[in-house]
Structures are given as structure tokens and as C-alpha cells.
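Data first, discussion second: the structure below is written as C-alpha cells.
The values are calculated or read from the model by the stated rules, or taken from the named source; none is laboratory data. Quick caveat: nothing in here was measured; it's all calculated off a predicted structure. We place every Cβ from the backbone using ideal geometry, glycine too, and count neighbours over all the protein chains shown. We work out accessible area using only protein heavy atoms, side chains counted, and drop any ligands, DNA or RNA first. Shrake-Rupley method; radii C 1.70, N 1.55, O 1.52, S 1.80 Å.
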Amino acid sequence: MSSSEPPPAPSAGAAAAAEEVAADLSAATLSKKQQKKDARKAEKAEKAAQRQQQQQPAEADDPFASNYGDVPVEEIQSKTISGRSWTKIGDLDDSAAGRSVLIRGATQAIRPVSKKMAFVVLRQSMSTVQCVLVASADACVSTQMVRFATALSKESIVDVEGVVSLPKEPLKATTQQAGEKLVRVGQDTRLNYRAIDLRTPANQAIFRIQCQVENKFREFLLSKDFVGIHTPKLISGSSEGGAAVFKLLYNGQPACLAQSPQLYKQMAICGGYERVFEVGPVFRAENSNTHRHLCEFVGLDAEMEIKEHYFEVCDVIDGLFVSIFKHLTENCKKELETINRQYPFEPLKYLEKTLKLTYEEGIQMLKTYIDNLSNRQEAGTEIEPMGDLNTEAEKKLGRLVKEKYGTDFFILYRYPLAVRPFYTMPCYDNPAYTNSFDVFIRGEEIISGAQRIHTPELLTKRATECGIDVSTISAYIDSFSYGAPPHGGFGVGLERVVMLFCALNNIRKTSMFPRDPQRLVP
């Protein structure tokens, strides 16, 4: 430390001058970008203050102050039952003209016209309606009420009571007459704010379609004497073979989440239920970041006794999906039109009697296509005669089948043993093939199914060959020791069916809260 005396304190004037210079220097060093950013912040803050001021309780001199405003907390705490009648926005048709109605919706758009007039578009589910506010004593609407309405934030939930009037010309701002202006938002942003994203008409329609597929699945199988069951999702070992399982500790012992209800629906058949089905969650620990894979999805599974041939299972699938497709086409026109406005697609083509091709026929179609190309590089994929079809090969086969047979929906059967699960029954005439099948929509696989092995000896042999610890599935194998009928079944992902029927480009659009290798919230 210096031993010299400190310099004298600056005078007040000098200090003020120094501060002014410092301020000037500081302002000079601010980038133009930062200045613009600060200006935008100030502007936003000013607008927010204006909105807050506008949303203050109405002035005491407003005779219609009780007709608008934020709903008091005590009124949304189930304080009273008013007995008022509510009307759905989608039910506002010609018959409602001239009638006073009470509706609720989210503010999709707000358009102020003047101090005394504003338009507010409300949305409920897939329907919208335009509300017109005009300051008028006869209508019990004040200029303060118009100002309050124009200050509402988008997506606010609003109750409106008014008289229905039909416009002389169709409105271009409502979904019934015309498509809405689309805003492009990235998928991750949509999923991060899923509760808001689900409000869009397209999403409202997608999950209503999904509900119909699930209901039709149950309804059809119940009509064919199937019994609905529920099987455990916490199990002691792999249900499909392989390593793609979520492992966990179950009261101190190793366990995993079920990859399918496969073992248990077969045990139900052994228990005397001739035909069973289940709708429930399925878990796959595959690190597949693709457009069609999820780590958790809704499985639609069925298992049934076979009298003579595993084509009996294919026939059930044929009837089931043709009935689903017909139901959606005939009874969900509004939903499909709503989806089509945002995600345009061609209607699914299918046959009254579903096309069946052998695996070898499918491979031959692909080989012929590749051989006929002038440039072999255009094929883009190699075809392995006894291997599973990769995604690109499936899509190519789908296009070839559609060109030749005029259908987007078909069954490919008699797959090689090497690409099927351990419990799949080998073919009687060639053990290198199996009594199995896959089902395709628009060139993508949606169903995998087969006749199952129901003899303990062969089942044990196949499990060992596939590297499965037999001790972890001993209860499953033992269930066939007491007599079991020939049986087969299938499994399909609900989200994938909806995705492909509507020709959507990503399965996350058909999962309300998707779980993939990168996403665990919301």
C-alpha cells in the first residue's frame, strides 16, 4: 500500500460531470442491437400496462358493468347451480337464428373495428363462431365492454351470452365456411406446450379419430365373441426376446415393463377363453428416433383359438380393419376434412376382401422392380431373400402393390423363421418359414401376427435358440403342459393406425403425450 496521502475528494460539480461522461461512454458502448432490444422490451411493458389498465374493473359510471369482466374466484368454486342452458358452438345452425344462447370458447381471434365495435372469434373443439360487440344501450353493451373485449389475450376462456344471427354472406373467419390461416410451429415447440397445441382443430380431430378406431376395435371383436382382458405390465422377464426392455427393481428383484401382452393372452387361451383381446400400454426400450416409433404406445392385441388354419386370424383382421375404414370414412367426415385442411392427404384405398401375398411374392416384386431399373443405384436398398424388410423396402413394396392391385392395405404372410419371435409356429412344409404375417397400410407395417407354438417342448427349444433364459418364462411355458389348443393372434399400435390412415408424417402427431427416446415430459 502506498504511504502517500490520498488525493482530495472531487467537488460536487466534478463528480456530476464524471457521472455524465460515464453515462455517455456507457451509452456509446451499447450496441444498436441491444438498444433495439431494450426499446422492444419497453414497448411490450407499456402495452402490458395498457392492457392491465383496460382490464381493470369497469368504471362506476358504466351502467352495464355487470355484463362483463373477469369471473370472481368464488363463482368458479362450484358456488351455485344456476340452471342456465349451455349451447355448443358446433350446434349453432340455421335453427338457432334469433335465439338467445350461452356459449363458452377460447378466443381464437380479436379484431377491433372502432371504440364502439369489435369482433371476437371463439373456438370450441373443431368449431368457431364470430361474436359481434357493438356499443348500444338496447344491446346492453358499453364502450367499456368493447374495450375490455379487445384487450383479452388470445386463448382466454370466455363465456358469451347473445342472440344468434345468420350472416348474409358466408364468413371467412370461421371453420365451418373456410380454412383458417395456418401458423408454422416446430414439432418440439408444439410438444413442449402440448396443452395449447391440442386445442387446434386438426388435433381435436386426430384424437377423435383415434377414439373411434379404439371403440370400433372393441366393438367388432366383441361381436365376434372375443373377451376383453387386462394383463400385467410389470413382468419378470422379456415378453418378446431381445434387449429392448425397460428394466427396473420390483421390491428388490429385477423386473421389466412388458413389451406386449403376448405371453399372458396366450395363457388366457390356455385358461379356456377361446378368443381374447386387450387395449393397453406397451413399452419398447428401442433407441429408435424415427417417424413411426415410440417407447410407449397403445397396443391393440388379440389372440384366438385356431380350428384348422392360421388364415382364420387373417380373416378376423380383414373384417376388423375393413369395418374400421368404412366407419371412419362414413361417420367421421367432419374430422377427416378438418385434418385434411392442415395436413392434406389422399383417402385410403382398400379392397372389400383384403389382398394376401406370400413373403416370397413380395420379395419377387421388389427384385423385379430393381432388375428393371436402368440405373441400379435408383433402387436405394438391397433385398435379402430371407431377411426382414427394412423401412425403404416396405414403402417400395407398398407402392408396387398399389399400382398392381389398387390397394393401400394388404397382408404379407409366411415370413422366414429367422426374423420372427421365438413363439412363432414353423411352417409344416418348410421349417425355414413360419405361419406368420405382417399387415401394411400405405407401405408401412402396422400389424405383426402369427400362429403360436403351443407345445412346451418346441417352445423351450425355440426360446433357447433365441437366447432367452427359459427360467424367466417358466410359468408361460408350463401353462401349455396342461393341454392347449392351436391358437394365433396379432398386435397393432393404435397411434400407427391413425397416423397411416390419415397419412400423417409423424407418429408423435397421433400420441397425445408422446414418449420417445428423447422425451419424458410433459
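Things worth noting here:
- A Förster radius of 30 Å, combined with the Cβ-Cβ distance separating E169 from N67, puts the computed FRET efficiency at roughly 0.55.
- Packing-based ranking, highest mean first, of 403-412, 443-452 given that Cβ atoms within 10 Å are counted: 443-452, 403-412
- Entry comment: accessible area of the chain is 56 Å² per residue, from protein heavy atoms only and a probe of 1.4 Å.
- Kirkwood hydrodynamic radius (C-alpha pairs) into Stokes-Einstein, the stretch 201-510, 25 °C and 0.890 mPa s, D in µm²/s: 120 µm²/s
- Which labelled figure in (1) 1.11; (2) 1.02; (3) 1.36 is Cα Rg over 2.2 N^0.38 Å, once derived from the coordinates: (3)
- Reachable lysines from K367, criterion Cα separation under 24 angstrom, eight or more residues apart if same chain: K356, K395, K396, K402, K404
- Kyte-Doolittle at least -1.0, axis length at least 24 Å by Cα - qualifying DSSP helices, the chain: 12-29, 201-223, 311-331
- Per atom type, the stretch 305-456 shows carbon and sulfur on 48% of its accessible surface, probed at 1.4 Å.
- Estimated dipole of the stretch 201-510 in Debye, rounded to 20 [Cβ of Lys and Arg +1, of Asp and Glu -1, Cα centre]: 780 debye
- Between the residues P344, A463, P426, the greatest Cα displacement towards the positive end of the dipole of the stretch 201-510, with unit charges on the Cβ of Lys, Arg, Asp and Glu, is found for P344.
- Reach of K36 by Cα under 20 Å, taken over aspartates and glutamates that are not fewer than 8 positions away in the same chain: D24, E46
- Percent of Cα-Cα distances greater than 19 Å, calculated over the stretch 105-165: 25 percent
- Debye, to nearest 20: dipole size of the chain, +1 on Lys, Arg Cβ, -1 on Asp, Glu Cβ: 1300 debye
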